[in-house]
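Working notes, beginning with the structure itself.
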Amino acid sequence: MSLSGASKKVRASKSRVKFDTKTVRTWVLPLLMRIGVGDYPAKAGRIIGLSRQHTWYYVRKLEECGLIRRERRSNVVFYELTGESKNLVASCEGTVFPARLYRFDKCQVAYEIIAAGLAPEDFRRVEMTNWTALLGTELGVKVRRTTRSWIVHVEVIRGRNPVEVTNLAMNLADRVRDALVSKYGGVLGGGKVVGGEMAVEDPVASLFGRYFTVRTDKRKIDHSWSVGELEHLQKDAVIEYLQMPERVRNVEVQLGALRGDLSKLTEAMNRLCSLEGSVQPGAPVGEGGNGYVS
């Protein structure tokens, strides 16, 4: 087969992989972003709400497109983005969807046990402070069962704003709860977030976090999770950060008005200077000629 024939065959195979715009925005790009930060495809699918079957369907299609590369190291298979897909994700950041700066770490969602079901036999019993718990996994997510509740340890979630990451965390926890009820029976109450840290992945924090740890009574900058982050430690600090875009817009409006006033002032000063320059010293002032410019 000639080289041109081979290239045509490759182009033809790629052209058969097609996604509509909604699928790209809703599933493909988020899946690429999760794999880009190091998540295994199954974990990435769980976080964005894809079923296992649909996750691997999209993964296979993205491999055909040359956007995902599979690499085997020892006995473990790793998935990573290709150079083309990295450029695609970078170009979409802030244009197709806003930047995903917020991260929810160490989130724990508790579901009160209203009616007890079967106790999981394959869970490990661990000794806590003055009590014991059963520790295991469900849908690949770490869970604990105490005498009072099931606690779901949600994986790291990234999103555009605090509301989005909280909703993603609760959606994942609710799916795990449904699986627990289906497997072990019983009745569980509504989910309640009992732990977690909301962090902001900030470019300035990334730079500072490489060399310094800055901490005040309101905020902290460090380099945990190998990413520079800004943590708000008090409620008023969170409110100040969320109000920052509105304050910046107000400042821009005020600066725009100030520039307009300065332009008018500059124009008036130029007219005054030109008027003074047009009057020659010694020339009579006024029609009567009674005064002179010295």
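Residue separation times 0.36 nm, minus the C-alpha to C-alpha distance between VAL181 and ILE114: what's the value?
Details: separation 67, 0.36 × 67 = 24.12 nm, distance 1.15 nm.
Between VAL181 and ILE114, full extension yields 23.0 nm more.
On full extension, the segment bounded by ASP174 and ASN161 gains 2.7 nm, given 0.36 nm per residue less the C-alpha separation. Each peptide in 244-253, 173-182, 80-89, 129-138 gets a packing score, the mean of other Cβ atoms within 10 Å over its residues, and the list from highest to lowest is 173-182, 80-89, 129-138, 244-253.
All C-alpha pair distances within segment 236-277, sorted into 5 Å bins from zero, spread as 5, 21, 12, 13, 11, 9, 9, 7, 6, 4, 3, 1 percent across the bins.
The simple spin-label model puts a point 7 Å past each Cα toward its Cβ; for ASN130 and ASN87 those points are separated by 6.1 nm.
Starting from the Cα gyration tensor of segment 98-200, take the square roots of the eigenvalues, sort them a ≥ b ≥ c, and report rounded, prolate or oblate (rounded when a/c is under 1.5, otherwise prolate if a/b is larger than b/c, else oblate). Note, shape of segment 98-200 comes out prolate. The calculated FRET efficiency for the pair VAL248 and ARG215, based on their C-beta separation and a Förster distance of 41 Å, comes to about 0.95.
We did not get these values from a lab; they are worked out from the coordinates using the rules stated. Given the structure is predicted, the values throughout are model-derived calculations rather than measurements. Cβ: placed from backbone, ideal geometry, glycine included. Neighbour counts: every protein chain shown.
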